[in-house]
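Readers should treat all values here as calculations from the given coordinates under stated rules, not as data from a laboratory. For clarity, every value in this text was computed on a predicted model and none was experimentally measured. Here the Cβ positions follow ideal geometry from the backbone for every residue, glycine too, while neighbour counts run over all protein chains shown.
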């Protein structure tokens, strides 16, 4: 554990609606209104005013505007939940991916350093090549896609600019919001009796709600005067699984609660049988043992999946929209 801490110390060097401000509470500024940003808005906290802003307020690709807006808001901590995540499209438009994932991270690191504000930033398992997982935080990085490389460069930019930062690498994020594997599988189940799913890629499905709760807990500790071991950590769901086994769990649970009427047959296929523009890591399982140094534990993704499916079922029953 001491070695891991030293490795991370080395790495660290170098409500979709906006709430009405209450001067008595420090502001946790969330940048991004995707599935993680929306989950961050739902985490209850009596210590922070969580203010979520989208691209129309802070576009991280515009460094000057980003600096000016953050100076205006004067948050006590910044939580970066924005990213370019179109993995395959990034191969055709690398400039767009790097503008958000590298240059946007650099802009945030610069302004946070200037204002003395800590930053919590989310990265990805795709910084690894996938040849030798599980990966610890100090394992050699070797991304095999434009997306993975752009996220790795964002990590490097933050470390070089800001001492008080935490980078959380996560994987296979899912929630009841936005677009993700869980919602794709449910949509396909409505029209298909058989679905082919890759079964030779291993990883860690992660409930966005659990990641959001962990981020808010760290933010509360930071603004409350508690000490944090700054650096890079892995936060991903456990146990490790494959996309095919993940799909089977989705269908079994969805059928059990009446969210889907029939369970499609899941046919395992290889990565070679499902070619994509971006190369995916074969085994990007993240070792999350070091989370104990932050007072956190990795979540069980199966419990998170049950909660997401319950949310979707409730939304269907009540007729409320989940985007």
Calculate the FRET efficiency for residue 257 and residue 297 from the Cβ-Cβ distance with a Förster distance of 22 Å, rounded to the nearest 0.05.
0.25
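Rounded to the nearest 5, what % of DSSP beta bridges with both residues in the chain are antiparallel? Please report the intermediate quantities before stating the final value.
Working: 2 of 34 bridges.
Percentage antiparallel, nearest 5: 5.
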Distances longer than 25 Å among the Cα atoms of the stretch 160-267: what percent of all pairs is that?
36
Sorted from largest down, what three extents in whole angstroms do the Cα atoms of the stretch 183-237 have along their principal axes?
55, 24, 10
For the chain, list log₁₀ I(q)/I(0) at each q in 0.10, 0.14, 0.16 Å⁻¹, using the Debye formula over Cα point scatterers of equal strength and ignoring solvent, two decimals each.
-0.56, -1.12, -1.44
Determine the distance separating the Cα centre of the stretch 24-39 from the Cα centre of the stretch 50-73; give it in Å without decimals.
12
For the pair residue 46 and residue 269, the simple spin-label estimate (label points 7 Å beyond Cα toward Cβ) gives in nm 5.3
If packing is taken as the average count of other Cβ atoms within 10 Å, what order do 246-257, 34-45 fall into, highest mean first?
34-45, 246-257
